[in-house]
Amino acid sequence: MVKLKVKDVTFSYAREPVLEAVSIEVSTAEVLGVLGPNGAGKSTLLKCIDRIITPQTGCILLDDRDITKMSRIELAKKIGYIPQSLSHVFSATVFDTVLMGRRPYISWRTSERDTETVLETLQMLHIEDLAMRDVNELSGGQMQKVFIARALTQEPDLLLLDEPTSNLDIRHQLEVMHTIKSIVRRKGLSAIMAIHDLNLAARYADRIVLMNGGTIFSDGKPASVLTCENIRQVYGVEAEVNYNRGKPYIVPIQAIKAK
Amino acid sequence: MPPSTGEIPGTRTKSEEIRAEYKKFTGRKVLFILFSIVLIAVIAGVAATLGPYPITVTEVYSIIWHGLFKTPETTKELVVWNLRLPRIVMGILAGIGLAIAGTTMQAVVRNPLASPYTLGIASAAGFGAALAIVLGAGFVTGQYLIVANAFVFALLSSFVIYGLSRYKGAEPETMILAGIALMYLFSAMTGILQYFGEETAVAEVVFWMFGSLSKRSSWENLTLVSAILAVCIPLIMLKSWDLNTLSAGDESAKSLGVNVEQTRVVCFMLASLVTACIICFTGTIGFIGLVAPHICRMVIGGDNRYLIPASGLFGAVLLLAADTLARPPISPTILPVGLVTAFMGVPLFLYLILTRKKRYW
Ligand SMILES: Nc1ncnc2c1ncn2[C@@H]1O[C@H](COP(=O)(O)OP(=O)(O)OP(=O)(O)O)[C@@H](O)[C@H]1O
Ligand SMILES: [Mg+2]
């Protein structure tokens, strides 16, 4: 079943369009990986989907409903978003930060169920030990997990993850990817994640869209998108693609000079 | 991962531990708030004994208590209720209002250096007052000339910022820069008035800017201030969770369902109204609005649901204490309270900064 439909979306911050006629679809229980070089428009696309910015043309349908017709709260109950750069100006405990994920459901008093949800999520991501720590004093990777936890306590149908593993060590990369994937499967969510690690994407994404210069360059199964030719054209990198248990496995060789 | 030491199977689970710790943390916040209320009562009692007419602390409390039910008659009662209490109550209200406005402003512009005056409101009010004092020009005539002028100009500057954020989007940077620009503009205009004004008028302007709790603390004025605080502060507190979400950035807050622009503008206008209605009676008492939120944040953390009431009450403690210290026999002459808050607050603040164990914002 189609969860999200992005149709012909065009967005520009100034005059130059950053997204040009972008169309993608995500189904229920699917993890979509968004790949592309720096500045390709991955983050911009995710922000459009969560209506943090509004595209100039095109439309975005969530469960066949136009997101511009939904209220912010309604959207927050359906979409969880984790920004690329995380910061927190004032001190707050990890517990309180994750609790903020309940904001779409309550405005002041928290209930037992809210506490329960937070505790479960902390446990799921193995960050219970951080619960009473200050978010400002966490490492980059710990912070990333806290924000993932916060998005999960929103109990969304669709998760938007902007480079969720950029600060994690290999063990935690695998762990977080596994957690996301299993939640998606178990609860029938959908997830879109912008990610730079081709191998991680190949392994955990059900489908991949490869972006370049604000357009979709290629869209399909990891094996059909992550080809030598595509990687060469989009990244300007010569790479070797092997297969490991049916999934492509990319070994970058070198940057192609004077692209 | 090595098994953590001291964890015996069958004892409390991790979740229960977190619950217990969180409860303790919440208890600490509530305790701090109660402690501040007690401090206010104590300092107010002591402050009411100060003055040429001798009254003991116990008498003060009894007079205040009985005065709640009947009009004061004896000299002692009249002294307490009509001479001493108004100033004390103004101190409490101003402390609460300025500290809460400061906390709100810091959250709104997402900057720990903000105060109620960051967006130019103080210099605008100062200019309004100076206009009234030096030229006698203003929006109303009579005894309320200075007050009304200060109030109107204070809000005028807020409306300029409001208009700008409607036009350009309510971004913290835009708001702060516009506020600083307004501050310079109004300071320059006040400067011109002072440059050409008469000596006595200029002195009065300077004195107004130091701030004073005794000059315009009639019960009518206090009623007016309390009414505005009673409306604005609950409204700000209703928004306290939304203010919390701003801390992680606008995008993050939006994704949690918060109407960021509206929250920012509404809270900023409420904080401005609170500030304006106080400083038009007291002058621009500085420091409380910047420091009270920080001291409280060091003690109870940054959750605005508790921080707003706590810093309000602690602001009242600070201002009341400063005003008490500013009076004979404790100090040689009556000092402007705005100066004493700085003399008292800066060492305390530096001490806290130097001894704190971790970063707190
Ligand atoms: N706030 C902004 N104002 C103006 N231009 C912007 C803004 N944010 C991004 N851009 C531009 O839009 C383009 C796409 O940016 P975007 O952040 O979507 O890229 P990305 O694919 O997420 O890149 P990265 O891999 O580096 O995160 C870039 O050229 C960038 O310079
Ligand atoms: Mg990006």
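The values are calculated or read from the model by the stated rules, or taken from the named source; none is laboratory data. Note that this is a predicted model, so its numbers are computed, not measured. Cβ coordinates were reconstructed from backbone atoms using ideal geometry, including for glycine residues, and neighbour counts include every protein chain displayed. Each accessible area value is taken on the protein alone, full model and side chains, heavy atoms only, with ligands, DNA and RNA left out. Shrake-Rupley method; radii C 1.70, N 1.55, O 1.52, S 1.80 Å.
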Query raised in the report: Where in the stretch A:176-198 does the label zone of residue A:242 land, with the point 7 angstrom along Cα→C-beta and an amide N cut-off under 19 Å?
Result: A:197-198
Query raised in the report: For the stretch A:90-155, with only Lys/Arg (+1) and Asp/Glu (-1) charged at the beta-carbon, what is the dipole magnitude about the Cα centre, in debye rounded to 20?
Result: 240
Report summary line: Mean-square fluctuation maximum in Gaussian network of chain B, Cα pairs under 10 Å, restricted to B:246, B:85, B:164, hits B:164
Report summary line: proj_area_mean for the stretch B:100-257 (convex hull on C-alpha atoms), units nm², value 10.4
Report summary line: Rounded to the nearest 10 Å², the accessible area of residue A:127 using a 1.4 Å probe with every protein chain kept is 10
**Report entry** Within 10 Å of each Cβ in A:119-125, the average number of Cβ atoms from other chains
**Finding:** 2
Requested in this report: Using R₀ = 41 Å, calculate the FRET efficiency as 1/(1 + (r/R₀)^6) where r is the Cβ-Cβ separation of residue B:171 and residue B:70; round to 0.05.
Outcome: 0.15
Report task. Note down the nm distance, to one decimal, between modelled labels 7 Å out along Cα→Cβ at residue A:249 and at residue A:87. Result -> 4.1
Report task. Springs between alpha-carbon atoms under 10 Å, Gaussian network over chain B: tell me which of B:205, B:337, B:346 tops the mean-square fluctuations. Result -> B:346
**Report entry** Value at 222 nm in deg cm²/dmol, rounded to 500, when DSSP H runs of n ≥ 4 in chain B each add -39,500 (n - 2.57)
**Finding:** -23500 deg cm²/dmol
Report task. Sort B:294-306, A:242-254 for me by packing, meaning the mean count of neighbouring Cβ atoms within 10 Å per residue, highest on top. Result -> B:294-306, A:242-254
Report summary line: Those helices of chain B passing the 20 Å axial Cα length cut-off and the mean Kyte-Doolittle cut-off of 1.6 (DSSP H runs only) are B:219-238, B:260-282, B:337-355
Query raised in the report: In the stretch A:95-165, what chymotrypsin sites (Phe, Trp or Tyr not before Pro) fall in a loop by DSSP, with at most 11 other Cβ atoms inside 10 Å?
Result: A:108
Query - Distance between modelled label sites at residue B:181 and residue B:259, nm, 7 Å Cα→Cβ extension - result: 2.7
**Report entry** Average other protein chain Cβ within 10 Å of Cβ, residues B:293-302
**Finding:** 2
Query raised in the report: What would the Debye formula give as log10 I(q)/I(0) at q = 0.09, 0.12, 0.14 Å⁻¹ for the alpha-carbon point model of the stretch B:20-354, no solvent?
Result: -0.48, -0.85, -1.13
**Report entry** Globularity ratio of the stretch B:52-165, using Cα Rg and 2.2 N^0.38 Å
**Finding:** 1.46
Report summary line: Exposed GluC sites (Glu not before Pro) being those in a DSSP loop with at most 16 other Cβ atoms within 10 Å, the longest stretch of chain B free of them is B:199-361
Query raised in the report: What translational D, rounded to a whole number of µm²/s, comes out for the stretch B:217-337 from Stokes-Einstein when the hydrodynamic radius is the Kirkwood one over Cα pairs, at 37 °C and 0.692 mPa s?
Result: 204
Query - Size-normalised alpha-carbon gyration radius of the protein assembly as shown, reference 2.2 N^0.38 Å - result: 1.16
Report summary line: Checked the stretch B:30-118 with the C-alpha gyration tensor, a ≥ b ≥ c its square-rooted eigenvalues, rounded below a/c of 1.5, otherwise prolate if a/b is larger than b/c and oblate if not; verdict prolate
Report summary line: For the pair B and A, the solvent-accessible area buried on both sides (1.4 Å probe; DNA, RNA and ligands excluded), in Å² to the nearest hundred, is 3600
Query raised in the report: Given a Förster distance of 45 angstrom, what is the FRET efficiency for residue A:8 paired with residue A:126, based on the Cβ-Cβ distance and rounded to 0.05?
Result: 0.65
Report summary line: Rounded to 0.05, the calculated FRET efficiency for the beta carbons of residue B:196 and residue B:140 at R₀ = 25 Å is 0.60
Report summary line: For chain A, the accessible surface attributable to carbon and sulfur atoms (probe 1.4 angstrom, ligands and nucleic acids excluded) amounts in percent to 50
**Report entry** DSSP-loop chymotrypsin sites (Phe, Trp or Tyr not before Pro) across the stretch A:1-90, with at most 10 other Cβ within 10 angstrom
**Finding:** A:13
Query raised in the report: Which value, in Å² and to the nearest 10, is the accessible area of residue B:223 when all protein chains are kept and the probe is 1.4 Å?
Result: 90
Query raised in the report: DSSP beta bridges in chain A, what fraction antiparallel, as a percent rounded to 5?
Result: 60
Requested in this report: Work out the mean other chain Cβ neighbour count within 10 Å for the residues of A:94-106 and drop it here as an integer.
Outcome: 4
Requested in this report: With a point put 7 Å past each Cα toward its Cβ, work out how far residue B:203 is from residue A:228 in nm, to one decimal.
Outcome: 9.2
